[in-house]
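Here is the structure we will look at, set down as structure tokens.
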Amino acid sequence: MLSFGTATTKSFVLMFHSLTHYTTESVTNGHPDKVCDQMSDAILDACLTGDPTSRVAVETFGSHGTLMIGGEVTTKADVDYEAIARSVYADIGYTEPLDVLSRVVTQSGDIAMGVDTGGAGDQGIMYGYATNETEEYLPLGVVLSHALARKLEKLRTSGELPYLRPDGKTQVTIKEGKVITALTSTQHTEEAELEDIRRDLTEKLFLPVLGNTENIELLVNPTGRFVQGGFEADAGLTGRKIMVDTYGGLMPHGGGAFSGKDATKVDRSAAYMCRFAAKNLVANGHAKKALVSVAYAIGRVEPVMVEAFDDEGNNLSEIVAKNFDFRPRAIQERLGLQRPIFRETAAYGHFGVAGRPWEEIISL
């Protein structure tokens, strides 16, 4: 039997409904944590390409010229982990040398016993959220911070601003539905002048994305210099940007990261299903804002809890239970999660992007 209606989910959605002043951030695909996410998901995709039944839990850790690939993989695919990681590193735009160590083993048989029968790959709580305030069904601050980060990458890779380098961050502050502060910190070449960077990004980044910069405080490279970036400046780790991946810290997160995990890991697949359910509650007019949560026990097929609330505290759990099957294998089948579709999700957020199966609008 599923459990409905505990106070936790309801309190979170009510809390955000009353929030009028908040800040969210994003990072570029060259941020060291995001480099690691993309490497892990590229390895996952390679495994799924060769064997759709692959079990994958891959972590990467980069630090000052060294990359460590670790985790557990069970697959029939022939995968060169080091070559994939190096390819991602180069695709992003890094040319610095990288020593790579790989320590990947077969998944524990104790875990496999439960997963083989369709059970959850781990215990945990997952959340999904949607709001009608943007066409992406995400909070405005989340949409804009990702848009700024994507645009920053495009300005670099297109050659329009050739002094830009891969590492970067963006951030926006919203007050009463309007942007009051927008920020970017971007890596750049040694010879670039701060005055030129600030002028160019005001014109080519902030203005196109925000539409109007009047009455908005614009901040560009507040430290004044950002030449050293990526693994040369900072360590990177798979799964360390879980709030960037989801709802900008405005909604709860169960704690489990997404990248590098196949769909038997409910940290990922159930979070996608919760988003799918929440978005369709809003899209079908059942709520203006909706938060869906689910919890699992390792090896158990049925979730131990599913619940959903709107921004007025109304319980929508029965609607979710009627229309969405949260058993792990059912999630994989409904969302097509045995396909190699994951590297593209590893930067600029997993939600709000058209074409992803958990973003589809259906009739309830």
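The values are calculated or read from the model by the stated rules, or taken from the named source; none is laboratory data. For clarity, every value in this text was computed on a predicted model and none was experimentally measured. Here the Cβ is made from the backbone with ideal geometry for all residues, glycine too, and neighbour counts use every protein chain on show.
Would you mind listing the helices (runs of 4 or more DSSP H) fully within the stretch 1-111 where at least 1 residues are modelled with pLDDT of 95 or more? Lay out the reasoning, then the answer.
Working: elements: 7-17, 32-50, 81-92.
Where helices (runs of 4 or more DSSP H) fall fully within the stretch 1-111 and carry at least 1 residues being modelled with pLDDT of 95 or more, they are 32-50, 81-92.
Residue by residue through the stretch 162-191, note down the ones that are more than 23 Å from Asp33 (Cα to Cα), touching a residue at least 40 places away in the same chain (Cβ under 8 Å) and surrounded by 20 or more Cβ atoms within 10 Å (Cβ to Cβ).
Ile174
Answer yes if at least one residue in the stretch 210-222 is closer than 20 Å to Pro162 by Cα and either surrounded by 13 or more Cβ atoms within 10 Å (Cβ to Cβ) or not β-branched (Val, Ile, Thr) (or both), and no otherwise. Give the derivation first.
Step one: list which residues in the stretch 210-222 are closer than 20 Å to Pro162 by Cα, which gives 220-221.
This time we only want the ones that are either surrounded by 13 or more Cβ atoms within 10 Å (Cβ to Cβ) or not β-branched (Val, Ile, Thr) (or both), so: 220-221.
Yes; the residues of the stretch 210-222 include at least one that is closer than 20 Å to Pro162 by Cα and either surrounded by 13 or more Cβ atoms within 10 Å (Cβ to Cβ) or not β-branched (Val, Ile, Thr) (or both).
Could you list all residues from the stretch 232-244 that are at pLDDT 95 or above and not in a loop (DSSP other than H, G, I, E, B)?
Residues satisfying the conditions are Gly236, Leu237, Ile242, Met243, Val244.
Within the stretch 184-196, count every residue that is part of a strand (DSSP E or B) and not hydroxyl-bearing (Ser, Thr, Tyr).
Keep residues of the stretch 184-196 that are part of a strand (DSSP E or B), which gives 184-188.
Adding the requirement that they be not hydroxyl-bearing (Ser, Thr, Tyr) leaves 187-188.
Qualifying residue count, the stretch 184-196: 2.
With the requirement that a residue be under 22 Å from Lys34 (Cα atoms), of a type in the set (D, E, K, R) and outside any loop (DSSP other than H, G, I, E, B), what does the stretch 334-358 give you?
Arg343, Glu344
Residues to consider are Ala287, Ala308, Ala277; find the one that is part of a strand (DSSP E or B) and at pLDDT 95 or above.
Numbers: Ala287 fails: part of a strand (DSSP E or B); Ala277 fails: part of a strand (DSSP E or B).
Among Ala287, Ala308, Ala277, only Ala308 is part of a strand (DSSP E or B) and at pLDDT 95 or above.
Could you tell me which of the residues Thr223, Thr170, Thr181 is assigned to a strand (DSSP E or B), under 28 Å from Gly65 (Cβ atoms), of a type in the set (Ser, Thr, Tyr) and in contact with a strand residue (DSSP E or B) (Cβ under 9 Å, 6 or more places away or on another chain)? Break it down into steps so the answer makes sense when it comes.
Working: Thr223 fails: assigned to a strand (DSSP E or B); Thr181 fails: under 28 Å from Gly65 (Cβ atoms).
Every option except Thr170 fails the conditions.
For the stretch 147-167, what are the residues that are more than 13 Å from Leu205 (Cβ to Cβ) and either part of a helix (DSSP H, G or I) or not hydroxyl-bearing (Ser, Thr, Tyr) (or both)? Lay out the reasoning, then the answer.
Quick first cut of the stretch 147-167, residues more than 13 Å from Leu205 (Cβ to Cβ) only: 157, 159, 162-163, 165-167.
Within the stretch 147-167, Thr157, Gly159, Pro162, Arg165, Pro166, Asp167 meet the criteria.
For the stretch 184-193, check the following and say yes or no: at least one residue is within 26 Å of the chain's Cα centre (by Cα), modelled with pLDDT of 95 or more and at positive phi.
no
Could you run through the stretch 145-164 and say how many residues are in contact with a His (Cβ under 8 Å, 6 or more places away or on another chain) and closer than 21 Å to Glu25 by Cβ? Outline the logic, then answer.
Step one: filter the stretch 145-164 for residues in contact with a His (Cβ under 8 Å, 6 or more places away or on another chain), giving 163-164.
Narrowing further to those that are closer than 21 Å to Glu25 by Cβ: 164.
Residues in the stretch 145-164 being in contact with a His (Cβ under 8 Å, 6 or more places away or on another chain) and closer than 21 Å to Glu25 by Cβ: 1 in total.
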